1. Could you list, ordered by first residue, the pairs with Cβ atoms under 6 Å in which the first is in segment 118-135 and in contact (Cβ under 8 Å) with a residue 60 or more places away in the chain and the second is among the β-branched types (Val, Ile, Thr) and open to solvent by 30 Å² or more (accessible area, probe 1.4 Å), at least 6 apart or interchain?
2. Since Val492 meets every condition but one in (1) open to solvent by less than 90 Å² (accessible area, probe 1.4 Å); (2) within 25 Å of the chain's Cα centre (by Cα); (3) not polar (S, T, N, Q), which condition does it not meet?
3. Quick check, is Ser586 among the hydroxyl-bearing types (Ser, Thr, Tyr), part of a strand (DSSP E or B), open to solvent by less than 30 Å² (accessible area, probe 1.4 Å) and more than 25 Å from Ser293 (Cα to Cα)?
4. Taking segment 637-648 on its own, how many of its residues are modelled with pLDDT under 90 and open to solvent by 20 Å² or more (accessible area, probe 1.4 Å)?
5. Give the residues of segment 475-484 that are under 19 Å from Phe623 (Cβ atoms) and exposed (fewer than 12 other Cβ atoms within 10 Å of the Cβ), sorted by residue number.
6. Take the residues in segment 148-175 that are open to solvent by less than 20 Å² (accessible area, probe 1.4 Å) and among the acidic types (Asp, Glu); name whichever of them is nearest to Arg207 (Cα to Cα).
7. Which of the following residues is within 28 Å of Val777 (Cα to Cα), part of a loop (DSSP other than H, G, I, E, B) and of a type outside the set (Asp, Glu): Arg616, Arg639?
8. Answer yes or no as to whether Arg243 is in a loop (DSSP other than H, G, I, E, B), under 29 Å from the mean Cα position of the chain (by Cα) and loosely packed, with under 14 Cβ neighbours inside 10 Å.
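The values are calculated or read from the model by the stated rules, or taken from the named source; none is laboratory data. All of these numbers come straight from a predicted model, not from anything done at the bench. So basically every Cβ, Gly included, is an ideal-geometry build from the backbone, and we count neighbours across all protein chains shown. Ligands, DNA and RNA are excluded from the accessible area calculation, which covers all protein heavy atoms including side chains. Shrake-Rupley method; radii C 1.70, N 1.55, O 1.52, S 1.80 Å.
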Amino acid sequence: MAGAHRAGPLKQQNKAHKGGKRRGAAGRVPVKVQSRRQRRELGRADRRHQALQLRRQRKEAVLAEKRNLGSRDGPPHLVVVVPLHGRAAAHDALRLLQSQDSAILRVDEGKAGGFALLCPQLKQRWRFVTAQTGDLHAALDLAKVADSLLFILDPAEGWDSAGEYCLSCLFAQGLPSYALAVPGGTDLPPKKRIDAKKKLSKIIEKRFPEAKLFSLNTEQESSLLLRHLATQKQRHLAFRDRRAHLLAYAAEFLPSPESDRVGTLKVSGFVRGQPLDVNSLVHIVGHGDFQMSQVDAPPDPLSLNPRVVKGRKKTQDMDVQEDCVNGTEEMEEDVKLLMKADASKQESLQSEVVPDPMEGEQTWPTEEELQEAEASQRADRVVKVPRGTSKYQAAWIVEDKEGSDEDGDVDDDMDDDMMEEAASQEGESSAEEEEHSEEECETMTVSECVRDDQYDEKVEEDEQMLEKFKQERMDEMFPDEVDTPRDVPARVRFQKYRGLKSFRTSPWDPKENLPRDYARIFQFQDFFRTRKHLFRQIEKEEAEGALVGWYVTLHISNVPVGVMESFREGKPLVLFALLPHEQKMSVLNFLVRRHPTSSEPVKAKEELIFHCGFRRFRASPLFSQHTSADKHKLERFLRPDAALVVTVYAPITFPPASVLLFKQRSNGMQDLIATGSLLAVDPDRIIIKRLVLSGHPFKIFTKTAVVRYMFFNREDVMWFKPVELRTKWGRRGHIKEPLGTHGHMKCHFDGQLKSQDTVLLNLYKRVFPKWTYDPYVPEPVPWARSESALPLQEVEME
């Protein structure tokens, strides 16, 4: 019988686990025992009561907001009527809303065609404003301050192409509470009316999945719609809830003694959002930033309990009361001065830093340097001068130094500029040839269609667009690849570029070689900390000034007369109070995504129109990748399949804020190309432009190869020798030595190359946006309404 197995001397001995033997000994800190009272732990019943209290508080806050909106103490319920179809009966809908038996009607005689409804029995008041058909800026400005949007639909089709375009912009900007009304459709039989409503419900399901359609044909249905508008939950827009804002109810312009083009604008309206401080700045949407001199409190024109003025006869049978556009009569009687601006506390209008060129550090020259300078000044020079020149004139003549490279700075976009110059020269030469041909030939009357001549005028635009499509396609197939110039040495053409061992991990100083425009902007030490501290002050501290719901008159200083002229034309006048630092210029980064309806290529540094929160401006942005690294690669085109970061110089705005990007056509129409939000205000964001030089293997050995066509002289090969090489098939290597004098070079790789492989060399350079900020944005040409399902870009105006 075999004996039992015994372990030998080489058996592995594992240590036993000692986790629970020495609890509380050295190397482990014992947990401090605290009572439930010190830890503030609640029992099960207390936690249930606390959750119930929080739920009750939130419910009471929502109810208080509903009761305050449109009540005696709050601002009137502002409803913006937006017709989404050319056949939408907006006038019939407004007429039904005005025919309320229990309401007092007040009509504004302005071109905007607004009116107010006062219901003393329900203790509610509404103000209805109609967005002008086809005016995109007016619709977006009114939606910024509206409490509710009332969309008027067509009973058969819902909305047309212009309505779809308007909805896309409104959804991207941020949609407040809304309601859908369908006037008309009474001429159909009852069965067909039900089928039409079902068909319309399917149409709107894509845009408004849980919306309810309200028929608007009788007074009873209009009462139901008003009740829905008054009781529905309000949707908040973050960029307006933290700022005081108002829609002008009346305005008056007082020219200054120095000039009739500039003066004081007196704007009256109801304060919304936050209390309004007279020392803060106000932004008039579409016109700029201004200071206030004082704030008055005139009588409320939409009071639910209007007082009787002595000397006037009270008419109880007359429901309709008319207001003048500027409201000067109401503004002049019983006006109380609320507050005046304090010069020591008032925000400054300074938006840029005035750079001092002598501000840099400079050491005092030594005695030896001073003696050398005097000796150089005393040294005589032999200069060729014209006859009769004095010694004083000859001392100012500067000799031309051959071969000076001081003014030989190579432009960043040399290849693009050369292409543009060539295209312009071809256009000029063709125009001259046409002029000569017109002089040589005689004129004859030929019966041709005028439309064909107008059609041929767009050939140049088509050629430019075709060239952009080709460039975008080439950038997709060969990203960042450029041809090495043969007339200029590569070490001179790419002298501002550098090589990196790793794009992700190699260091890059954000304060290195900053442009001169960076001396004009402001920068935060910690932007998000400043934003958090500022928003916390708004929520906790009670701000001084005109409270929400007050009817006030703002005296705005140094306003151009064009603001009043646009208000008289029927354009809405919208004001926003600025937070601290929001008038100062900095570098803004927006995270955007290409809109599905946009198909034309958009190149970097093209002029675009920005709608950022409550601002509108024009700028030429840079596009870069959205990554979590410290360096971000430049994109030459706005990609349709990825989210990109857009960088521009613009006034500081604290997020959250939505952004819409438009591109203006030659005929004045504006296309929506991208939507997104404000990412951060960060001048230290490093945007890197990459250039890729390509070469082809000429002779291939085991781990070495002879590469040609990357450079064309020996000096360039020696200059770029330290930069690492890579191939499209994943090999890595470096340059060993040049061969000959025509740019051939011997390269060593980590494996054998394939004959169809391509050798690449990456060069990098930091780029900055151009200072192209322009606060003036022209009014867009309205879209031509089309009932067909064509894309928006194909709908042209007659």
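1. Short answer, once both residue conditions are applied: Leu118/Ile104.
2. (2)
3. Working: among the hydroxyl-bearing types (Ser, Thr, Tyr): yes; part of a strand (DSSP E or B): yes; open to solvent by less than 30 Å² (accessible area, probe 1.4 Å): yes; more than 25 Å from Ser293 (Cα to Cα): yes.
Judged against the criteria, Ser586 is a match.
4. 4
5. Quick first cut of segment 475-484, residues under 19 Å from Phe623 (Cβ atoms) only: 475-482.
Glu476, Met477, listed by residue number.
6. Asp160
7. Details: Arg616 fails: part of a loop (DSSP other than H, G, I, E, B).
Arg639 is the lone residue from the list that is within 28 Å of Val777 (Cα to Cα), part of a loop (DSSP other than H, G, I, E, B) and of a type outside the set (Asp, Glu).
8. Details: in a loop (DSSP other than H, G, I, E, B): yes; under 29 Å from the mean Cα position of the chain (by Cα): yes; loosely packed, with under 14 Cβ neighbours inside 10 Å: no.
In short, no.
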